[in-house]
Amino acid sequence: MIRRHHYQVSRNKLIGKVASFVFVFLAIYFLGGFLLRPVAGPLSYIFRPLWWGSEALFTSGQSVFDFFRDKNSLAIDNRLLQEENNKLKIKLLAMSQEESDNNYLRSLLGRIEDSETPIVGEVIFLPNFVPNQTLLLDVGEENLSKVLRVGDIAVADDSVLIGRVAEVGPWFSKVRLSSAEDSLSVVIGSNNIPALALGSGAGNFSISLPKDTEVFVGDKVVTPLYNNLLVGTVRHIDKNPSQPNQSILVKTPVNLWQLRWLEIYHAKI
């Protein structure tokens, strides 16, 4: 009898708990919006910064991912634009010479004509791989329909003097850099100041002029000996008060270690 009474009490407690749970669930389901409305505002103020922080963190992570994803393509585009900019600078330097001076030098010296079609050779070895400041080209006697001669002029970017052909083989030729020569007759700047440029190698030249001669950094240096081709630009001027002359450093505007193609013209001297 006692055991039956204990079972009845436990059963009633279980039924009461289940009924209470169902009542609370239904109250929250039907009245939750009404009951939580008074605290909805404070809760939104509490959890809103956390939501904003998570969104900001996601946005920052996405931006970093986009940055690294596009970094490689941006670097390639920048390098191509820089190369194109250098070529345009070289052409601008060459075009800045007055046409009257060009015509005068052509008629006086009888050098390269504009109508001449050059031989185009690919550079297969650069100065740091070939001794004696020479370039190795993939053109020679056996793979050309035109005649290639020792002494012909090698030009880059249509206007920059690189050197002269020093050797012609069956399948290759060698070009000796102008900066490896002992001297080269040049004129400097818009006033066409005559000078003698001494080769220093690797596209560098040195010139000595009287101290009162007006020369400026950036002046272009051309050689009338080879159709007024561009030799380089003035990069540095050194004036020593104790010396009567000024020393001028000239450098070619192209990177000799990145040359891929050269144009070869017949020299008419």
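Being within 30 Å of V139 (Cα to Cα) and surrounded by fewer than 21 Cβ atoms within 10 Å (Cβ to Cβ) is a property that L256 has. Screening the range 170-185 for residues that are under 30 Å from the mean Cα position of the chain (by Cα) and either aliphatic (A, V, I, L, M) or not assigned by TED's automatic domain parsing to the domain that holds N227 (or both) and picking the one that is farthest from G232 (Cα to Cα) gives V175. A single entry from S179, S242, S206, S190 fulfils the requirement of being in a strand (DSSP E or B) and hydroxyl-bearing (S, T, Y): S206.
Only a single criterion out of (1) within 30 Å of V147 (Cβ to Cβ); (2) touching a Ser or Thr at 6+ places or on another chain (Cβ under 6 Å); (3) at pLDDT below 95 is not satisfied by S183, namely (2). Considering every residue within the range 207-226, establish whether at least one is more than 30 Å from V120 (Cβ to Cβ), within 27 Å of the chain's Cα centre (by Cα) and small (G, A, S). Taking every residue of the range 207-226 in turn, at least one turns out to be more than 30 Å from V120 (Cβ to Cβ), within 27 Å of the chain's Cα centre (by Cα) and small (G, A, S). Does N128 qualify as being closer than 29 Å to P194 by Cβ, outside any strand (DSSP E or B) and either modelled with pLDDT of 75 or more or out of contact with any Lys or Arg (no Cβ under 9 Å at 6 or more places or on another chain) (or both)? Spelling it out, it is not the case that N128 is closer than 29 Å to P194 by Cβ, outside any strand (DSSP E or B) and either modelled with pLDDT of 75 or more or out of contact with any Lys or Arg (no Cβ under 9 Å at 6 or more places or on another chain) (or both).
When the residues of the range 245-269 are filtered to those that are in a loop (DSSP other than H, G, I, E, B) and under 24 Å from the mean Cα position of the chain (by Cα), the one that is farthest from L196 (Cα to Cα) is R260.
The conditions of being β-branched (V, I, T), surrounded by fewer than 19 Cβ atoms within 10 Å (Cβ to Cβ) and assigned to a strand (DSSP E or B) are met by I237.
From the list N228, N191, which residue is touching a Leu at 6+ places or on another chain (Cβ under 7 Å) and either of a type in the set (S, T, N, Q) or touching a residue at least 24 places away in the same chain (Cβ under 8 Å) (or both)? Answer to the check: N228. Among the residues of the range 163-187, those identified as of a type in the set (V, I, T) and over 18 Å from T117 (Cβ atoms) are V168, V175, V186, V187. The requirement of being assigned to a strand (DSSP E or B) and either surrounded by 15 or more Cβ atoms within 10 Å (Cβ to Cβ) or not basic (K, R) (or both) is not satisfied by F216. Considering each residue of the range 228-241 in turn, at least one proves to be more than 26 Å from the chain's Cα centre (by Cα) and of a type in the set (D, E). Screening S173 on (1) surrounded by fewer than 20 Cβ atoms within 10 Å (Cβ to Cβ); (2) in contact with an Asp or Glu (Cβ under 7 Å, 6 or more places away or on another chain) shows it passes everything except condition (1). Once the range 152-170 is narrowed to residues that are of a type in the set (A, V, I, L, M, F, W, C) and closer than 16 Å to T223 by Cβ, the residue that is surrounded by the fewest Cβ atoms within 10 Å (Cβ to Cβ) is V155. A single member of G151, G232, G199, G163 is assigned by TED's automatic domain parsing to the domain that holds A267, out of contact with any helix residue (DSSP H, G or I) (no Cβ under 9 Å at 6 or more places or on another chain) and small (G, A, S), and it is G151.
The values are calculated or read from the model by the stated rules, or taken from the named source; none is laboratory data. Bear in mind the structure is a predicted one, so any value in this text is a computation, not a measurement. FYI the Cβ positions are ideal-geometry reconstructions off the backbone, even for glycines, and counts take in every protein chain you see.
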